[in-house]
1. For region 122-172, just run the numbers: alpha carbon Rg, then divide by 2.2 N^0.38 Å, N being how many residues it has.
2. Between residue 601 and residue 631, with labels modelled 7 Å along Cα→Cβ, what's the label distance in nm to one decimal, could you check?
3. Calculate, for residue 399 and residue 78, the FRET efficiency according to 1/(1 + (r/R0)^6) with r their C-beta to C-beta distance and R0 56 Å; round to the nearest 0.05.
4. Could you work out Rg/(2.2 N^0.38 Å) for region 119-245, with Rg from alpha carbons only?
5. How big is the antiparallel share of DSSP beta bridges in the chain, given as a percent to the nearest 5?
6. From the square roots a ≥ b ≥ c of the eigenvalues of the alpha-carbon gyration tensor of region 296-362, which class results: rounded (a/c under 1.5), prolate (a/b over b/c), or oblate?
7. Enter the Cα centre distance for the pair region 559-630 and region 499-513, rounded to the nearest angstrom.
8. For region 237-308, rounded, prolate or oblate, judged on the Cα gyration tensor with a ≥ b ≥ c (square roots of eigenvalues), a/c < 1.5 rounded, else prolate if a/b > b/c?
Ligand code: ARG
């Protein structure tokens with residue numbers, strides 16, 4: 001209900017600004033939601049008077065007073081009891097009885113869809129989510145991606161958008177040529193059968209080790225000429241062989257494709273098992289290979305050359321030249337009026353003599369050996385999404401390591417003529433683990449498997465130690481749900497841009513800022529409702545019976561839809577996670593202060609309030625992919 005009051009306030013404020021004689025557009029940013037029961041600021045506050053006063057050289061206090069008067073004269077929204085002016089701010093104060101009535105009846109009426117929106121004109125959003133490379137295990141970075149993107153897409157869907165989740169697998173590129181070569185030389189069928197990803201990872205790491213060793217030797221020089229020759233031969237053999245295998249793949253050579261498909265299928269099978277355990281799902285699994293194998297890459301290269309937005313260099317490579325001053329806002333179609341002509345780049349290239357010395361960055365789409373690259377496939381993906389899906393937004397949930405790459409991609413896409421689609425890189429920070437708390441197999445990566453196993457083990461200990469009313473045969477199932485709550489909450493609750501240290505012991509605790517803490521509050525609400533004889537009808541309760549503690553809780557329930565809006569604004573579900581934690585705190589203090597069931601007065605009202613709280617927990621946790629529990 002705060003969402004509708006906010007809307008009505010903005011409309012009213014806009015009218016009042018005009019009525020007070022100012023010519024100024026008013027949008028949502030003109031209004032702040034404040035803490036509940038802030039006598040000074042009210043629950044909604046506007047500082048628009050300062051901007052108007054600055055423009056007009058007027059006194060902000062006087063401007064604010066005139067706008068507030070005009071708003072009051074035109075009528076305040078139902079639920080706003082008063083408007084005041086303090087230090088130039090226009091402050092709106094909720095009428096708590098109307099707030100209580102409207103909030104509880106909205107939640108009761110909308111139930112599961114409380115917080116959602118119906119949109120007449122939803123965006124068609126196609127989003128890259130998870131998107132691991134095949135032939136390697138899923139690691140904590142993928143875990144963060146998968147969980148973060150799942151929550152965000154759930155929120156966008158609840159807000160009425162039409163979302164397609166695409167697991168854009170990394171399954172093409174010269175590294176798979178290298179892997180094919182390595183497999184043919186050193187692969188072992190049995191080891192592959194046994195644990196395909198582990199075996200392929202070994203082979204991949206072996207390739208990388210050899211490569212960096214050869215690099216070291218090349219850098220520091222060999223002791224003898226013959227040693228140097230053999231280093232060179234070795235290098236040539238392996239590198240060239242890898243490239244050749246990739247070329248064979250790109251040419252659809254049967255033997256290469258068959259082997260590669262084995263790698264791909266085995267990887268997908270293993271990934272699927274983990275996704276299922278995480279409870280996440282995708283609409284599409286279009287890997288990079290699709291764009292190469294279905295002709296989209298070729299078409300994109302032709303298009304770039306025909307439209308004359310790319311330059312073919314003397315060595316045969318093809319690139320779109322990009323200037324650093326073109327990056328700003330390239331993802332936003334409104335700011336995408338970038339000059340696509342490469343003429344200026346051609347001139348500077350001629351002067352500088354080489355791409356390295358020129359003043360632009362080359363965004364390669366063909367390498368000198370004729371092969372395509374990551375960027376080619378991403379441009380092809382944009383073509384596919386705009387042509388086949390008519391996407392309004394192409395979204396990329398990808399680690400911030402690739403920030404620079406995406407800036408370049410977006411500029412290149414604009415130059416290619418994809419000018420209508422909004423392009424968004426939804427980046428997230430690195431994730432690390434506190435030293436020594438978990439094994440890092442191979443010394444390099446922490447896998448999703450390891451994190452899930454550790455979380456489950458800790459969760460089981462907690463259920464065994466602290467669980468109430470949990471039957472023995474339920475321990476594992478409940479521990480699994482707590483473990484997921486632990487991991488999911490831990491991955492979403494920090495703003496996505498931040499690097500995080502993920503500490504399982506902290507995350508699994510029932511105290512502190514954790515998923516299980518929120519789950520536990522929900523379980524408490526369920527058990528109150530269970531113990532009650534009946535939950536009263538919201539229309540039958542007396543909204544004047546609530547005290548301050550109750551109002552505080554009702555206000556938080558009313559905020560929920562606005563929190564979802566904020567998640568959309570930021571493309572980040574972190575605000576939802578933190579909101580649920582706040583709600584758990586507020587609910588716990590309501591519980592302790594008002595002793596719902598044994599209270600003499602307002603018992604029926606507080607039961608209705610508890611039912612509404614349980615509903616909001618369910619809706620919010622549901623969007624984060626966290627299950628609620630009847631017992632824990
Ligand atoms: N597979 C890539 C990686 O693991 C991420 C792909 C992201 N999506 C994209 N369209 N580039 O780094």
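1. Details: Rg = 12.1 Å, N = 51, 2.2 N^0.38 = 9.8 Å.
With N residues counted in region 122-172, Rg over 2.2 N^0.38 Å equals 1.24.
2. 3.8 nm
3. 0.75
4. Working: Rg = 21.3 Å, N = 127, 2.2 N^0.38 = 13.9 Å.
Normalised Rg, Cα atoms only: 1.53.
5. Approximately 55 percent, going by the DSSP bridge assignments.
6. Working: a/c = 2.19, a/b = 1.17, b/c = 1.87.
In terms of gyration-tensor shape, oblate.
7. Each part's Cα centre sits 21 Å from the other's.
8. Oblate, because a/c is 1.5 or more while a/b does not exceed b/c.
We did not get these values from a lab; they are worked out from the coordinates using the rules stated. Given the structure is predicted, the values throughout are model-derived calculations rather than measurements. Cβ coordinates were reconstructed from backbone atoms using ideal geometry, including for glycine residues, and neighbour counts include every protein chain displayed.
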